[in-house]
Amino acid sequence: AQSVSQHNHHVILSEAASLELGCNYSYGGTVNLFWYVQYPGQHLQLLLKYFSGDPLVKGIKGFEAEFIKSKFSFNLRKPSVQWSDTAEYFCAVTAYQAGTALIFGKGTTLSVSS
Amino acid sequence: EPEVTQTPSHQVTQMGQEVILRCVPISNHLYFYWYRQILGQKVEFLVSFYNNEISEKSEIFDDQFSVERPDGSNFTLKIRSTKLEDSAMYFCASRYEGNQPQHFGDGTRLSIL
C-alpha cells in the first residue's frame, strides 16, 4: 500500500530562518505530489503540486518543493520563514492509475517565533 | 474564491445514534471526497464520489457509512450507528477534473459520547 512519511513532527524556527520539511512516499509508479497547509482555525489549502515536468515546483507564499524520483522524496523549502507561516503542513500523494484519493503524511507543525 | 462549506462545524452525538455530515462542494466541481482525521493521526481517505456513484473507498468506509448527493449542491456522509472510535474531524473536498487539485472544507468535528 502507498504511504507517506513526514520526518519532522514539530519544527520551531525564528523568523528569517530557512525551512526544509521532509516528505518521502512509497510507491514505485507514477505519482502526483502535493503540499497542503492548514493555518490555525482554517481549512487545508494547497501550497503547491507536482504532476510532471520540472521537478522543482514553486508554490504560493514563497514555498517551493523538489521532486527527487530516485529518493522518493518531495521536500518542501522556504528560504526565509515569517511568523505568518506558523501552521501545520501536510505532504500528500496520489498514485497514477490507483485512483484520485490523497494519501497524507502525518503532518508537520511549524512554529515560527518573531 | 469559491469555497467548500461544511455543516455543522461541531457535532456531538450519543454512541449508537445516526449522524449526517453535510458538505456543499464548489459548484462546478465533479469529484467529491470525504476524509477524516482522528486526533493526533493522519488525514485518512474515506470515499470518493463521481457521476452519482462511489468511485473509490477505503477499508475504513464499511457498511456503517454511506454517501449521497441528494440534490445538485449537497454531498452528505451518513454514519448509521456511531461508535466511540468515529470521533474525528471529517473533511469534505471537491475538485473539478483532470489534474485540478482537491479543495477542502473547514471540517466537522464529530464527538461521540
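The values are calculated or read from the model by the stated rules, or taken from the named source; none is laboratory data. Bear in mind that the values here come from a model prediction, so they are computed numbers and not experimental data. We place every Cβ from the backbone using ideal geometry, glycine too, and count neighbours over all the protein chains shown. Each accessible area value is taken on the protein alone, full model and side chains, heavy atoms only, with ligands, DNA and RNA left out. Shrake-Rupley method; radii C 1.70, N 1.55, O 1.52, S 1.80 Å.
The charge dipole of the range A:3-113, taken about its Cα centre with unit charges on the Cβ atoms of Lys, Arg (+1), Asp and Glu (-1) only, comes to about 200 debye. Among the GluC sites (Glu not before Pro) in the range B:44-99, those placed in a DSSP loop whose Cβ has at most 11 other Cβ atoms within 10 Å are B:E59, B:E97.
I'd like the Kirkwood hydrodynamic radius of the protein assembly as shown, using the inverse of the mean 1/r over distinct C-alpha pairs, in Å. List each step's numbers first, then the result.
On the way: mean 1/r = 0.0550 Å⁻¹.
Roughly 18.2 Å, rounded to one decimal.
What's the long-distance tail for the range B:2-64, i.e. % of Cα pairs beyond 20 Å? Walk me through the intermediate numbers first.
On the way: 728 of 1953 pairs.
So the pairs more than 20 Å apart make up 37 percent of the total in the range B:2-64.
In the neighborhood of A:L33, defined by Cβ-to-Cβ distances under 15 Å, what is the net charge if each Lys or Arg adds +1 and each Asp or Glu adds -1?
Details: positive: A:K49, A:K58, A:K69, A:K71, A:R77; negative: A:D54, A:E64, A:E66.
So the surrounding residues net to +2.
If you build the Cα gyration tensor of chain A and take the root of 5 times each eigenvalue, what three semi-axes come out, in whole angstrom, biggest first?
Values for chain A, descending: 24, 14, 12 Å.
Step through the residues of the range B:84-101 one at a time and calculate ³J(HN,Hα) from phi using the Karplus curve (6.51 cos²θ - 1.76 cosθ + 1.60, θ = phi - 60°), rounding each to whole Hz and writing x for Gly and Pro. Each residue of the range B:84-101 in turn: 4, 6, 7, 4, 5, 8, 10, 10, 9, 9, 9, 8, 6, 6, x, 8, 5, x Hz.
Using only protein heavy atoms and a 1.4 angstrom probe, determine the accessible area buried between B and A, summed over both sides, in Å² to the nearest 100. Provide the component values of the computation, followed by the final result.
Numbers: alone 6620 and 6210 Å², together 11240 Å².
Chains B and A together bury approximately 1600 Å².
Other residues with beta-carbon under 14 Å from the beta-carbon of A:S5 carry, at +1 per Lys or Arg and -1 per Asp or Glu, a net charge of +3. If you take the alpha carbon atoms of chain B and fit the smallest convex hull around them, that volume is 103 Å³ per residue.
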